[in-house]
1. Are there any pairs, at least 6 apart or on different chains, whose C-beta atoms fall under 8 Å, with the first in the range 12-24 and in contact (Cβ under 8 Å) with a residue 60 or more places away in the chain and open to solvent by less than 70 Å² (accessible area, probe 1.4 Å) and the second of a type in the set (S, T, N, Q) and not in a strand (DSSP E or B), and if so, which?
2. Output the number of residues of the range 68-94 satisfying the condition of being open to solvent by less than 10 Å² (accessible area, probe 1.4 Å), of a type in the set (A, V, I, L, M), out of contact with any helix residue (DSSP H, G or I) (no Cβ under 7 Å at 6 or more places or on another chain) and closer than 19 Å to Gly31 by Cα.
3. Quick check: is even one residue across the range 12-24 assigned to a loop (DSSP other than H, G, I, E, B), out of contact with any Asp or Glu (no Cβ under 9 Å at 6 or more places or on another chain) and either small (Gly, Ala, Ser) or closer than 16 Å to Phe125 by Cα (or both)?
4. Considering each residue of the range 33-52, count those that are hydrophobic (A, V, I, L, M, F, W, C), closer than 19 Å to Trp16 by Cβ and surrounded by 16 or more Cβ atoms within 10 Å (Cβ to Cβ), and give that number.
Amino acid sequence: MELNNRKSYLELEVIWKDEDMFEFRVIASNGRYFGITEVYETSESLEGFAKSLFQFPKNDSKLFYEMGKKDSYAYFSMKYHCIDNAGHLGVELNLEENVSTEYRCEEKDKLKLEIIIEPSAIDNFQKELIQIAENQEGKATLFGRNN
């Protein structure tokens with residue numbers, strides 16, 4: 001299989017909403033590993049995270065955000081961290097499939113991967129997340145560095 005054409009990215013797209021929350025389809029790929037899950041979120045929580053991305057990593061060297069509950073129905077998390085002095089950032093992504101796990105936790109598919117991003121990639125992603133929080137619709141994409 002040809003791996004050179006695979007892209008590194010994170011994509012969050014609203015696929016359902018009501019007055020209290022919305023549901024994201026989360027797609028993540030680092031060019032070698034790829035995963036999808038669907039997880040619920042609120043506008044207030046997403047807006048708070050999006051605002052914390054503003055001027056990252058100037059104010060912090062690490063940033064963590066999660067949706068859903070680990071080892072439950074569905075889960076997604078992002079952990080941002082500096083990886084060198086040149087300003088490159090790593091984003092550790094954790095995805096857990098949206099399945100009922102109350103009887104057999106082994107049935108749940110889980111994936112952890114990292115994408116490497118340039119700080120400038122965060123700016124567009126942050127703006128797209130703010131738009132989603134305001135409108136409860138749309139898509140936000142964080143493009144990684146393709147090797």
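The values are calculated or read from the model by the stated rules, or taken from the named source; none is laboratory data. Computed from a predicted model, the values in this text were never measured in an experiment. Note: ideal-geometry Cβ built from the backbone for every residue, glycine included; neighbour counts use all protein chains shown. These accessible areas exclude ligands, DNA and RNA; they are computed on the full protein's heavy atoms, side chains included. Shrake-Rupley method; radii C 1.70, N 1.55, O 1.52, S 1.80 Å.
1. Final answer for the pair search is Val14/Gln136; Phe22/Thr42; Phe22/Ser43; Phe22/Gln136.
2. Count: 3.
3. no
4. Number of matching residues: 2.
Let's see how each residue does on (1) in contact (Cβ under 8 Å) with a residue 40 or more places away in the chain; (2) within 20 Å of Asn146 (Cβ to Cβ); (3) in a loop (DSSP other than H, G, I, E, B):
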residue	(1), (2), (3)
Ile36	yes, yes, no
Val39	yes, no, no
Ser52	no, no, no
Pro57	yes, no, yes
Asp60	no, no, yes
Phe64	no, no, no
Ser77	no, no, no
Gly90	no, yes, no
Leu93	yes, yes, no
